[in-house]
Amino acid sequence: MAFTEFRPLDEKSLIEYIKATPSLSSKLGDKSDDLTIKEVGDGNLNFVYIVIGASGSFVIKQALSYIRCIGESWPLTKERAYFEALALKEHGQLCPDHVPEVYHFDRTMSLIGMRYLEPPHIILRKGLIAGVEYPLLSEHMSEYMAKTLFCTSLLYRTTTVHKRAGTLSRLSFSDPYKVSQYNHWTSPYLDRDAEAVREDNTLKLEIAELKSKFSERTQALVHGDLHTSSVMVTLDSTQVIDPEFAFYGPMGFDIGAYVGNLILAFFAQEGHADEGNDRMAYKEWILRTIEETWTLFYKKFTALWHQHKDGSGEAYLPEIYNKPELQKLVQEKYMEDLFHDTLGFGAAKMIRRIVGVAHVEDFESIKDDVKRAACERRALEVAKMLLKERRNFRDISGVVSAIRKV
């Protein structure tokens, strides 16, 4: 049977599809009779099938044209799958250790076949909720961000490919700051807090600036949704998945999303503490991870810069930036701006995850409403402070100290 037009696959039609697709059937040793197929798309945007055969396995991800939890009233473009496949391939070439391999892409069906990250890989967010320490996480994530962001920017490249606008800009930069039918929060406990966000003029000025950067700045090929559910981990493996909202945008949008989600995980810990484990040591580990992630990223990114300073990058032409002290000034300014972008975008992500449309399991899994609201309120305070005062921070240790004080 030919799949000449888009249709959502179920298990039966998926088997037909695999049989008709050599790049997939060959991964299973061309045997499709004893397949185990499991739909695991707990997300809202896609069908995700794990396919396991006697001699191989893969994941099939098919993009839908609407958000699953809201239905067809909130349409999305199925072209996400195309951008996701492009980003996985591009980022995979730059950082193969931390991006799963793509085996197959079908634009008509909005479908990607890729490496199955077998157990014990779990979603990082779930590991953070369970209180698991990952010794290589900062090393791996800083490597992924440094390589993918540097090598898709003008520091490394000549002319850059143009971006498409991010689909989700409304969620981060608009909805939390106005009354919207999709916003929700831990009510009634956070009613005043949500209202305070909507009435905070300084916050609105800052968010407008970030929205404009997000929409107008084509700095690098960013993942576009780099939170802790877009990372799968074991104690020695870190894999970044789901770049379906990849676009050319500000680097700080990725680093901020990741760091912002680690800060949310930090504030959720008290809600997961019990008699056996007060989570204090784990909270310290998260703060160390935040600090190490930025510190290592800075080190790796500037090392790539130094390594390629005479390459084809067109951001700072050597005949203009021809003195070592000028090159040093330029780099310091670039990294300082990137740091402040990271804090700003991270804060915007945190706010939307507390009083906006889509929330995080870190908080949602805290059963006691009062306890959850207390955790969320502290996170919201830090987010608002970071958004308004980000330019006053000189380094990541200052940020960690500020988080500790709350």
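The set of residues in region 358-406 being closer than 26 Å to Leu205 by Cβ, of a type in the set (Val, Ile, Thr) and open to solvent by 30 Å² or more (accessible area, probe 1.4 Å) consists of Val406 alone. Within region 39-61, the set of residues being of a type in the set (A, V, I, L, M, F, W, C), at pLDDT below 95 and open to solvent by 40 Å² or more (accessible area, probe 1.4 Å) comprises Val40, Phe47, Ala54. I'm trying to understand the selection: among the residues of region 279-306, which are among the hydroxyl-bearing types (Ser, Thr, Tyr) and either in contact with a Ser or Thr (Cβ under 9 Å, 6 or more places away or on another chain) or open to solvent by 30 Å² or more (accessible area, probe 1.4 Å) (or both)? Across region 279-306, the qualifying residues are Thr289, Thr293, Thr295, Tyr298. Checked against (1) out of contact with any helix residue (DSSP H, G or I) (no Cβ under 7 Å at 6 or more places or on another chain); (2) buried (at least 16 other Cβ atoms within 10 Å of the Cβ); (3) assigned to a loop (DSSP other than H, G, I, E, B), Asn322 meets all criteria but (2).
For Glu79, the requirement of being farther than 21 Å from His359 by Cα, in contact with a strand residue (DSSP E or B) (Cβ under 6 Å, 6 or more places away or on another chain) and open to solvent by 30 Å² or more (accessible area, probe 1.4 Å) is not met. Scanning region 96-119 for residues being touching a strand residue (DSSP E or B) at 6+ places or on another chain (Cβ under 9 Å), touching a residue at least 60 places away in the same chain (Cβ under 8 Å), of a type outside the set (D, E, K, R) and outside any helix (DSSP H, G or I) gives a total of 10. Gly313 passes every criterion in (1) open to solvent by less than 20 Å² (accessible area, probe 1.4 Å); (2) assigned to a helix (DSSP H, G or I); (3) of a type in the set (Gly, Ala, Ser) apart from (2). I'm trying to understand the selection: among the residues of region 245-262, which are assigned to a loop (DSSP other than H, G, I, E, B) and in contact with a Phe, Trp or Tyr (Cβ under 7 Å, 6 or more places away or on another chain)? Answer for region 245-262, where residues must be assigned to a loop (DSSP other than H, G, I, E, B) and in contact with a Phe, Trp or Tyr (Cβ under 7 Å, 6 or more places away or on another chain): Ala246, Pro250. For region 230-244, filtered to residues that are polar (S, T, N, Q) and part of a strand (DSSP E or B), the residue that is surrounded by the fewest Cβ atoms within 10 Å (Cβ to Cβ) is Gln239. Considering region 215-229, the residues that are closer than 15 Å to Glu84 by Cβ and hydrophobic (A, V, I, L, M, F, W, C) include one that is most open to solvent (accessible area, probe 1.4 Å), namely Leu221. Taking the criterion of being touching a Ser or Thr at 6+ places or on another chain (Cβ under 7 Å) and among the small types (Gly, Ala, Ser), the only residue of region 350-373 that qualifies is Ala373.
The values are calculated or read from the model by the stated rules, or taken from the named source; none is laboratory data. Only a predicted model underlies this, so the values are computations on that prediction, with no experimental measurement involved. Cβ atoms come from the backbone with ideal geometry, glycine included; neighbour counts cover every protein chain shown. The accessibility values were calculated without ligands, DNA or RNA, using every heavy atom of the protein model including side chains. Shrake-Rupley method; radii C 1.70, N 1.55, O 1.52, S 1.80 Å.
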